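Scroll down for the structure; my scribbles are underneath it.
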Amino acid sequence: MTEFGLIEYVARLFGDVDRQGWESIGDDCTVLPIGGGEVLVMTTDMLQEDVHFLRGATSAYELGRKSLTVNLSDVAAMGIKPVAALLSLALPSDATDEWAKEFLDGFHSLAKEHGVALVGGDTTSSKAGISINVVAIGRGRAECVKRRAAAQVGDVIFVGDKLGASALGLKDILRGEYATALAEVHRNPVAQIAEGEWLGAREEVHAMMDLSDGLASDLCHILKLSHCGAEVDVESIPAVGGDVESAVCGGEDYKLLFTVAGSAAEQLQRDFREHFGVEIYAVGRITASSEAEICWMENGRKITPQWRGFSHF
Ligand code: ADP
Ligand code: MG
C-alpha cells in the first residue's frame, strides 16, 4: 500500500468510531473545539534514522530542532499558535548520552523561542536506528483555523517564501557535501510559525497548509479537498537558484502555501511585507474544476512540464 492508500484505509476503517468532536484525518492538524470559541489543534510527525536523516550528516542539536520544527510547521499551517509538545525517543545502544543531551538541547532551544512547553513523551531503546516522534499542540480562536478544504474559485495562490533550497541541500548531502549553504538549509529548516499565526488572523486567507512534499503534490491536497482546480504560472514560482524543478517537486521546504480572496490579495501582500519585512509570492489562481488538477502556465499558455520525478496528479 502507498502512504496515501494507507491513510485512506485508516480513514475508512475508523468511520464507525465516534470522533467526539475531533475533526477527521486529512488536514495538517486535527481540531477540537474546547469552548469559549477556542480550539486545540494537534499533529504528530516521525523521524526515522536512515529514512529521514543520516546520523553522520547532521548534528544531534540540529536534529532536535528539526524534529520540533516540522511539527510546529503543521500547527502554524492551521493558522494557530503552537503551545505544547510531547516527545518520544527510541535510542539504540550506539546513541550516546552525549547525543541524547545535544538532541534535547536543540529541541529545547526551538521550544523556548516559540514558548512551546514539553508536557510528556516516552523513552525507550531501539534495535535499529534512532526513532523520534513528536506531537505538537496549538491553541487559538476557532475562527482563525485555516483548513485545506477552504479554497475558493478566484483565490490567489501564494507561497510564503522561496522554494527548493531543502531539496537542493539534500542533493549536496547525498553527494557527501554536508557543509554547503543549501545542505545547511536542509538540516536546519526554518518553518513559518509566526507567519502562520499572523495569516490565521486574516479573514481573506482561505485555505492553508505547509509545503512538506513539494508544491505540485501539496497543492493537489488543497484542490481535492476544496473541489477546485488551479492555474500556476511557472515564471512566478520563487525558485532558489532558478531551479523550478526542485521548487515544485522537492520536499521539506516547510514554507506556507495558502489561498487568498482575489480582491484582498495585493493588500495582504503589502501588509505581510510591512509586518515581516519579506515577501510572499503569488504563483497562480484557484479555478472552477472538479478535477483537482493543476494547469501549469508559462507566459499565459498551458505547458506540459517535463520535470523529472513529476507525475500528473
Ligand atoms: P503532513 O505532511 O501535513 O504531516 P501527511 O501527509 O503526513 O500530513 O498526512 C496526511 C493526513 O493523514 C494528516 O491528517 C495525518 O494526520 C493523517 N495520517 C497520516 N498517517 C496516519 C496514520 N498512520 N493514522 C492516522 N492518520 C494518519
Ligand atoms: Mg503539513
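The values are calculated or read from the model by the stated rules, or taken from the named source; none is laboratory data. Just so we're clear, the structure is a prediction, and the values are computed from it rather than from any experiment. A quick note on method: Cβ atoms are made from the backbone with ideal geometry, for glycine too, and the neighbour counts reach across all protein chains shown. In case anyone asks, the SASA skips ligands and DNA or RNA and just uses the protein heavy atoms, side chains included. Shrake-Rupley method; radii C 1.70, N 1.55, O 1.52, S 1.80 Å.
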Tell me whether the range 134-150 contains one or more residues that are at pLDDT 95 or above, charged (D, E, K, R) and exposed (fewer than 13 other Cβ atoms within 10 Å of the Cβ). yes
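Consider A179 carefully, then state whether it is open to solvent by 10 Å² or more (accessible area, probe 1.4 Å), closer than 30 Å to A90 by Cβ, out of contact with any helix residue (DSSP H, G or I) (no Cβ under 7 Å at 6 or more places or on another chain) and part of a loop (DSSP other than H, G, I, E, B).
Here the answer is yes, as A179 does meet what is asked.
So which residues in the range 182-206 are under 16 Å from T69 (Cα atoms) and open to solvent by less than 40 Å² (accessible area, probe 1.4 Å)?
H186, R187, P189, A191, Q192, I193, E195, G196
Listed here are the residues, each with its yes/no results for (1) of a type in the set (V, I, T); (2) open to solvent by less than 40 Å² (accessible area, probe 1.4 Å).
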position	(1), (2)
D233	no, yes
S246	no, yes
G250	no, yes
Y254	no, yes
T259	yes, yes
S263	no, no
Q267	no, no
Checked the range 18-46 for anything open to solvent by 50 Å² or more (accessible area, probe 1.4 Å), of a type in the set (A, V, I, L, M, F, W, C) and within 12 Å of ligand 1 (Cβ to nearest atom); matches are W22, I25, M42, M46
If you take the residues in the range 272-299 that are without any contact (Cβ under 8 Å) to a residue 24 or more places away in the chain and assigned to a helix (DSSP H, G or I), which one is least open to solvent (accessible area, probe 1.4 Å)? R273
Of the residues L54, L72, which single one is outside the structural domain of A191 (by TED's automatic domain parsing), open to solvent by less than 60 Å² (accessible area, probe 1.4 Å) and either closer than 18 Å to L211 by Cβ or more than 16 Å from ligand 2 (Cβ to nearest atom) (or both)? L72
Give the range 176-222 a look and list any residue that's in contact with an Asp or Glu (Cβ under 7 Å, 6 or more places away or on another chain) and over 30 Å from A57 (Cβ atoms), or say none. H206
